Structure formats: C-alpha cells, structure tokens
Amino acid sequence: MTTDFFSPVTAGKLDLPNRLVMAPMTRSRAPEGGRVTDLTVEYYVQRASAGLIVTEAIQPSPRGQGYLWTPGLHDPAQVAAWRRVTDAVHDAGGRIVGQLMHSGRVGHPSLRPDGTNPLGPSPLASGQSLFTPDGPLEHPVPDEMTVEDIATTIADFVQAARNAIEAGFDGVELHGANGYLIHQFLADGSNVRTDAYGGSAGHRVRFVRELVEAVAGAVGAERVGLKISPGVTANGITESDTAGQYTTLVREIAPYGLAYLHVVESGNRELIRTLRAAWPGAFVLNPHPEEPTRAARPDEGAQALRDGVADAVSFGTLWLANPDLPARLRAGGPYNEADPATFYGGDHRGYTDYPVL
Ligand SMILES: Cc1cc2nc3c(=O)[nH]c(=O)nc-3n(C[C@H](O)[C@H](O)[C@H](O)COP(=O)(O)O)c2cc1C
C-alpha cells in the first residue's frame, strides 16, 4: 500500500513520477478566440513538477462554451496555441492532459458569436446564473438535445480529442463532474428523457458510455481519463440515488480500459471505496472526506493514499496558489493562500505571481 506522494504510478499510457495531480481549474484567461497565451504557458510550466497536470476545462466546440474567455480546441489557431503549452511543460519535465468540457445547459446565447441557445438533455434550466462583466445572467432553458445533436456533440469531442493529441497533450480528461453536460445526462434532476438516454440509471449512462467509446476509439483508451463528482450539486444538479447512479456508471465504463477515473469526493468515503473497488484502472481522488466547503488539505491527500483509497490525489486550490507544491509538501509547508478574487479572468496577478519557497 502506498504511503506517500513521492512514489511513481502508472495511469494507462501515463507514467507519473509522483502521485500529485493538479486538478483542472478554469482561469478564464483566453480573451481572444479561445486561444491560450504566453501567460498560460508560464502558468503551467511553473506547475510542471506535478505528477500530472490536468488543464482547465476546454470547449470542444463553440456550442460547448459555458463561460467567457475560456479556451477551445476546435480550430487550428487554438491547437497551435496549446502546442506551445505542451511543448514547454514537456521541456520542463512534466506531463499534461487537456480537460474537454461541454457545458451543456450552463451557458448563455450572449456568450456565443452565433447567439445559439445552450443544449441540454432536457429542457430544464439550472436555476443558477452566470457571471458576466455586465452583471449576472440566468442560465436559460436549454434546447433539448435530439439524437442528432447527441451524435454531433460526440463527434465534436472526438475531433477535439484528436486535436489535443495533435497539440501535444499526453491525453484528455472528459469532464463528467460539477453539473456540466455529462453530469446533466447522469443526474435525474436534469435528465427526464424518455428515450434511450434517460429514464433509468443505465439509460442515463448511455451518453457518457458512447462518448467514452468514441473518444477512446479515436485516441486510445489508455490516453483518456474521466472526471466525475458523485453527490456534488453544482449548477443545480440533483441526484435521487447517487450511489446507484455511479455504481452503474463505473460498471459500464470499466470495460473500456481508460487511463484513469478522477473522482471528486463529497463527504462520502464509503461511496469512494465502493467505486474504487469496482474500477479496474488508476483511481485519482480529489479528497474531501467532509462536505467540500473548503479546499482539500495535504493531510487529507496523504491519508487517502495511506488508506489505499486512491492511486493518486488531486488538489485544485493548493496547486493554484503553490506552483512548487511537491517541494512544499516535502518541506511540510508553508503554503500560500489562494486569492478567489483573481481566480477567473484578469492578468498575471493571482495567476503566475504566486511565490515559490
Ligand atoms: C478556480 C477554480 C476553477 C475550477 N475549474 C474547474 C474546471 O475547469 N474543471 C473541473 O473539472 N473542475 C474545476 N474546478 C474544481 C477543481 O478541479 C477541484 O475539483 C475543486 O477545486 C476541489 O479541489 P480542492 O479542494 O483541492 O480545490 C475548479 C476549481 C477552482 C478553485
């Protein structure tokens, strides 16, 4: 059984020199055309001592964009911009996967050049609002996805995953957490479909199963991870049977041989143990043994590894504020505090200027 952060671990095609994963974090610093900039190159290079970096969420298509200033992987200029990040991270000795996220019903027509309405499994609004410089905007009622929309969306993910490999990423992570499209299909509060994509736990898994199959078929399962957040109610998600839904999911996805499953814990260690036992591959835990009202702590990650509930642990906030996190963990701290005022948008402040030890 592993007892520390600093032993190597394999996740599919990914050989990680340590068990510290940088969790994906949207930073909204791609103000033009969904292209990341030199500042983003610097930000990720600073964090190259992670066993694995998972990037901020990246939209696989214009219609998958949920927020202002987030990057894409659906046109050649975006691919070229990401190439600079991946080359620089590799030169610095790191590994990096791109997180692909379609935001589904989370979004707004005013964010999109073509003014299209967000898509969702069912015409049910999140009940939440979206930050914009002009004030908050309610998420609208999404257009219910047709079977053709589903096929188009999966094809967009496949192309974006191919683009990610062309851009030099070591793989992709599919964002099935935190109330975005995949999660909207899984949750019975947002998916009330009566066709093959809704109505039972197995039907609600169908979208992500088809997506996993298609993306794995395109770039190799051993380069694909999936992130989920059972019990997380972000973006208006409700799940009436979290344990049943996610045990069904894991059972159906396990045969594909993905590189890893990345799970945000939500105060339910028993469920984490159940999912871990049912998952044949590498298991990355974002440790929140208590309700996640604060950032995960180093001791919570260390304990999870010691207890054998994960092969690797991910931290978000800690990595955001501590570019040299492994060095700080070895030294037993201290840790910089993250400043939420600079999480989304802006310049280098709160992005590339957190000091190293
Ligand atoms: C600023 C910020 C942006 C985030 N953006 C994403 C994202 O793009 N994709 C994602 O899967 N999770 C996102 N998260 C969630 C983190 O990946 C992580 O699951 C969460 O912060 C809990 O971990 P922590 O307690 O270590 O911060 C974000 C979190 C923060 C703080």
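With +1 on each Lys and Arg Cβ and -1 on each Asp and Glu Cβ, how big is the dipole of the chain about its Cα centre, in debye rounded to the nearest 20?
Numbers: 29 positive and 41 negative charges, 107 e Å.
Computed charge dipole of the chain: roughly 520 debye.
Report, for the range 9-342, the % of DSSP beta bridges that are antiparallel, rounded to 5.
Beta bridges within the range 9-342, antiparallel portion: roughly 15 percent.
Could you run the Karplus curve 6.51 cos²θ - 1.76 cosθ + 1.60 with θ = phi - 60° over the range 255-260 and give me ³J(HN,Hα) per residue in whole Hz, x for Gly and Pro?
x, 6, x, 5, 4, 6
How far is it, in nm, from the label point at GLU42 to the one at ARG269 when both lie 7 Å from their Cα along the line to the Cβ?
Placing both labels 7 Å along Cα→Cβ, they lie 4.2 nm apart.
Using a Förster radius of 35 Å, what is the FRET efficiency between ASP134 and ARG83 based on their Cβ-Cβ separation? Nearest 0.05, please.
The calculated FRET efficiency here is 0.55.
Once you put a point 7 Å from the Cα of PHE343 and another 7 Å from the Cα of ALA125, both along the Cβ direction, what distance in nm separates them?
Spacing of the two 7 Å Cα→Cβ label points: 2.3 nm.
Taking H placed 1.01 Å from N in the peptide plane, check which residues at least 5 places from HIS262 or on another chain put their amide H under 5 Å from its amide H.
Amide H to amide H, under 5 Å and 5 or more residues apart or across chains, HIS262 pairs with LEU226, LYS227, ILE228, VAL284.
How much length is gained if the chain between PHE6 and HIS90 is pulled fully straight, taking 0.36 nm per residue apart and subtracting their Cα-Cα distance, in nm to one decimal?
Stretched out fully, the PHE6 to HIS90 stretch lengthens by 28.3 nm.
Using a 10 angstrom Cβ neighbour count of at most 15 plus a DSSP loop assignment to flag exposed trypsin sites (Lys or Arg not before Pro), which longest range of the chain is free of such sites?
It works out to 14-293.
Work out how much length ALA151 to LYS13 would gain on full extension: take 0.36 nm times their residue separation and subtract the Cα-Cα distance, in nm to one decimal.
This chain segment gains 46.9 nm when fully extended.
³J(HN,Hα) across the range 232-249 via Karplus (A = 6.51, B = -1.76, C = 1.60, θ = phi - 60°), whole Hz, x for Gly/Pro?
Per residue, the Karplus-derived 3J(HN,Hα) values read 7, 9, 4, 6, x, 6, 10, 10, 7, 9, 4, 4, x, 4, 7, 5, 4, 4 Hz.
Residue by residue, what Karplus-based ³J(HN,Hα) values in Hz, rounded to whole numbers, does the range 261-272 have, using 6.51, -1.76 and 1.60 with θ = phi - 60° and x for Gly and Pro?
Coupling constants for the range 261-272: 10, 10, 10, 7, 7, 9, x, 10, 5, 4, 5, 4 Hz.
Once amide H atoms are built 1.01 Å from N in the peptide plane, which residues 5 or more positions from SER314, or in another chain, come under 5 Å H to H?
The list, which skips near neighbours in sequence, is VAL21, LEU285, ASN286.
Under 5 Å between amide H atoms, partner at least 5 residues away or on a different chain: which partners does GLN99 have, H built in plane at 1.01 Å?
THR55, ILE58, GLU173
Quick one: check the C-alpha center-to-center distance for the range 5-37 versus the range 147-205, whole angstrom.
If you average the Cα positions of each part, the centres end up 20 Å apart.
What are the GluC sites (Glu not before Pro) within the range 17-114 that DSSP puts in a loop, where the Cβ has at most 10 other Cβ atoms within 10 Å? Don't skip to the end; give the middle numbers.
Values: sites: GLU32, GLU42, GLU56; in loops: GLU32.
For GluC sites (Glu not before Pro) across the range 17-114 that sit outside H, G, I, E and B with at most 10 neighbouring Cβ atoms in 10 Å, the list reads GLU32.
Below 8 Å, C-alpha to C-alpha, sequence gap of six or more: please give me the relative contact order for the range 9-342 in percent.
Reported relative contact order: 17 percent.
I'd like to know which of ILE165, THR152, ALA81 lies farthest towards the positive end of the charge dipole of the range 9-342, counting +1 on Cβ of Lys and Arg and -1 on Cβ of Asp and Glu.
Selected residue: ILE165.
Classify the range 9-342 as rounded, prolate or oblate from the Cα gyration tensor: take a ≥ b ≥ c as the square roots of its eigenvalues, call it rounded if a/c is under 1.5, otherwise prolate when a/b beats b/c and oblate if not.
The shape class here is rounded.
Between THR233 and ALA196, with labels modelled 7 Å along Cα→Cβ, what's the label distance in nm to one decimal, could you check?
For the pair THR233/ALA196, the computed spacing is 3.4 nm.
Specify which residue in the list PHE5, GLY346, HIS262 is farthest towards the positive end of the charge dipole of the chain, using unit charges on the beta carbon of Lys, Arg (+1) and Asp, Glu (-1), about the Cα centre.
PHE5
Only the coordinates and a few stated rules stand behind these numbers; no lab work does. Everything numeric here is computed off the predicted structure, so don't read it as measured data. Please note: Cβ atoms are built from the backbone with ideal geometry, for glycine as well, and neighbour counts cover all protein chains shown.
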